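The values are calculated or read from the model by the stated rules, or taken from the named source; none is laboratory data. Keep in mind it's a predicted model, so treat the numbers as computed, not measured. Note that each Cβ is placed from the backbone with ideal geometry, even for glycine, and that neighbours are counted across all protein chains shown.
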Amino acid sequence: MYKDFGENLKRIRKSLHMSQEYLGEKCGISGPAISKYESGATKPSLEVAMQLSQILNISLDTLFSTEAKGTLSTFGLTEEQSEILATLAELFRAKNTMGTSSLTPEQSQILGKIVADFLR
């Protein structure tokens, strides 16, 4: 159950540009405690894991997940944001198989939607 917890915690924390100290402070624990969770030296209580998931805005499933590293959780996103991500992933796959370096009109439209959503 805890096998990938530390790795997931570290990856998600870093993707949000949070330091261990900042995350620990938000959770009411120390930065070194976060370091120990990430390294697998210690395991958090369920209460601490729940606090971490709330602060990171992810589900416990995502935090404890052993899914393939290529998966992306849409937890906390609107339906429209989830659809944009799914479409963008498909467009990237198509681009990679075609080997083109310029954006298609569809890719430009998706990027426009992303920017518009961030500016709302």
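Assorted remarks:
- Annotation note: Cβ proximity below 8 Å between a residue of region 35-62 that is in contact (Cβ under 8 Å) with a residue 40 or more places away in the chain and over 19 Å from LYS14 (Cβ atoms) and a residue that is of a type outside the set (A, V, I, L, M) and buried (at least 17 other Cβ atoms within 10 Å of the Cβ) (sequence gap 6+ or interchain) occurs for LYS43/PHE5; LYS43/TYR37.
Every residue, every condition in (1) in the same structural domain as ILE110 (by TED's automatic domain parsing); (2) closer than 30 Å to GLY112 by Cβ, yes or no:
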{"site": "GLY24", "(1), (2)": "no, no"}
{"site": "CYS27", "(1), (2)": "no, no"}
{"site": "LEU46", "(1), (2)": "no, no"}
{"site": "ILE58", "(1), (2)": "no, yes"}
{"site": "LEU85", "(1), (2)": "yes, yes"}
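- Residues (exposed (fewer than 11 other Cβ atoms within 10 Å of the Cβ), assigned to a loop (DSSP other than H, G, I, E, B) and modelled with pLDDT under 80) located in region 73-120: GLY99, SER101, SER102, ARG120
- Subset of region 33-52 [surrounded by fewer than 18 Cβ atoms within 10 Å (Cβ to Cβ) and touching an Asp or Glu at 6+ places or on another chain (Cβ under 9 Å)]: GLY40
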